[in-house]
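Just below is one structure, and these are the notes that go with it.
Bear in mind that the values in this text are calculations on the coordinates, not laboratory data. Note that this is a predicted model, so its numbers are computed, not measured. As a convention, Cβ positions derive from the backbone with ideal geometry for all residues, glycine included, and neighbour counts pool all protein chains shown.
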Amino acid sequence: MLGARVVEGAAGALLRLLLLMLLPSLREPRLGVTGVVGAGLPESVIWAVNAGGEAHVDVHGIHFRKDPLEGRVGRASDYGMKLPILRSNPEDQILYQTERYNEETFGYEVPIKEEGDYVLVLKFAEVYFAQSQQKVFDVRLNGHVVVKDLDIFDRVGHSTAHDEIIPMSIRKGKLSVQGEVSTFTGKLYIEFVKGYYDNPKVCALYIMAGTVDDVPKLQPHPGLEKKEEEEEEEEYDEGSNLKRQTNKNRVQSGPRTPNPYASDNSSLMFPILVAFGVFIPTLFCLCRFEPLKWARHSAEHFTDVTCLLFVSVDSSANQLILLF
């Protein structure tokens with residue numbers, strides 16, 4: 001009997017010890033297969049699509065569904081599958097390696113039932129063109145241009161992930177985005193607008209409830225950081241409303257060309273000097289020959305000698321005209 005009690009007590013103590021060891025781990029947030037602490041982000045995403053590709057769950061737990069436009073609008077491309085995508089997690093490169101494009105404007109329709117703050121995240125990567133001004137297009141949200149003249153290569157370069165993050169608000173039947181307001185009828189219309197340079201496209205996109213701070217950010221891009229450092233604050237010239245930008249790190253193409261109108265008064269002095277040089281000899285001649293004329297000629301045979309001096313100075317052509 002005593003032995004049974006001892007065994008029972010030991011078993012109870014062992015059970016309590018095991019519970020004490022397990023409780024801290026149960027209280028802490030667990031890391032699932034996605035590698036993200038907690039599960040708030042996946043639940044906040046109300047709609048996500050891997051454009052031109054198959055379904056995929058990213059490292060944050062966001063479930064991207066297969067492209068619903070497959071076989072209906074535009075063309076799907078997996079040309080980027082042969083390329084590694086910079087700034088993206090290796091597990092999520094598929095979101096930037098596939099895409100959907102169209103020769104005309106195309107888009108997606110997303111129903112939203114509840115009011116609140118939302119964020120639209122658009123994913124892009126340029127995997128074909130190797131220079132800027134080859135693919136440029138706009139993005140509209142319910143008629144509002146939320147991305148203007150998007151040139152992916154110009155923004156981040158080749159085979160590099162780029163996200164466009166657009167916050168919006170839906171309240172009392174109104175959609176507010178980037179300072180513009182329009183009537184909201186329960187659906188978001190995301191359009192990729194055909195421009196002058198090639199065709200519009202998108203690699204992946206999703207809509208989540210929340211703010212910009214809740215959106216997972218891409219890995220840093222050294223080239224982008226350098227470009228942002230070169231962009232200085234805009235300043236106003238004194239006495240003028242015109243803005244001018246200064247770039248401290250901008251490399252000049254050569255020495256600064258001097259201003260020919262800064263402090264050069266030679267164009268004004270030259271005509272004056274020429275006129276003065278002509279006036280002195282003329283005055284000397286008049287003073288020398290006038291007494292001789294009065295001595296040689298009598299008053300009745302006096303001939304009036306008129307000397308007319310016309311000096312015309314053309315300051316633009318620097319010419320002197322002397323007439324007698």
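Loop-only GluC sites (Glu not before Pro) in segment 74-131, please: DSSP not H, G, I, E or B, and at most 14 other Cβ atoms within 10 Å. Numbers along the way, then the final one.
Details: sites: GLU91, GLU99, GLU103, GLU104, GLU109, GLU114, GLU115, GLU126; in loops: GLU103, GLU104, GLU114, GLU115, GLU126.
Within segment 74-131, the qualifying GluC sites (Glu not before Pro) (loop, at most 14 other Cβ atoms within 10 Å) are GLU103, GLU104, GLU114, GLU115.
Add +1 for every Lys or Arg and -1 for every Asp or Glu among the other residues with Cβ under 10 Å from the Cβ of ASP117, and state the total.
-1
Taking amide H positions as placed in the peptide plane 1.01 Å from N, state which residues far from LEU86 in sequence (5 or more) or on other chains have amide H under 5 Å from it.
Residues meeting the amide H criterion: THR160, ALA161.
Using a/c under 1.5 as the rounded threshold, could you call segment 82-231 rounded, prolate or oblate? The axes a ≥ b ≥ c are square roots of the C-alpha gyration tensor eigenvalues, and prolate needs a/b larger than b/c, oblate otherwise.
Verdict is prolate for segment 82-231.
Grab the Cα-Cα distance for VAL145 and ARG75, subtract it from 0.36 nm times how many residues apart they are, and report the gain in nm with one decimal.
22.9 nm
Length gain on complete extension for the stretch GLU114 to TYR196, per 0.36 nm per residue less the alpha carbon to alpha carbon distance?
Length gained, GLU114 through TYR196: 25.8 nm.
Can you list residues whose amide H is under 5 Å from PHE106's amide H, if they're 5+ apart or on another chain and H is modeled 1.01 Å from N?
Here PHE192, LYS194 satisfy the definition.
Computed on alpha carbon atoms, what radius of gyration and Dmax characterise segment 69-169, expressed in Å?
In order Rg, Dmax, the Cα atoms of segment 69-169 give 14.5, 42 Å.
So what is the orientation-averaged projected area of segment 116-163, using the convex hull of its C-alpha atoms, in nm²?
Directional mean of the projected Cα hull area for segment 116-163 stands at 3.7 nm².
5 Å is the cut-off here: which amide hydrogens, built 1.01 Å from N in the peptide plane, fall below it relative to ILE46, excluding neighbours closer than 5 in sequence?
Correct list: ILE207, MET208, ALA209.
Of all trypsin sites (Lys or Arg not before Pro) in segment 87-180, which ones are in loop regions per DSSP and have a Cβ with at most 13 other Cβ atoms within 10 Å? Mind dumping the intermediate values first?
Values: sites: ARG87, ARG100, LYS113, LYS123, LYS135, ARG140, LYS148, ARG155, ARG171, LYS172, LYS174; in loops: ARG87, LYS113, LYS135, LYS172.
Here the trypsin sites (Lys or Arg not before Pro) that fit, given the DSSP loop and packing criteria, are LYS113, LYS172.
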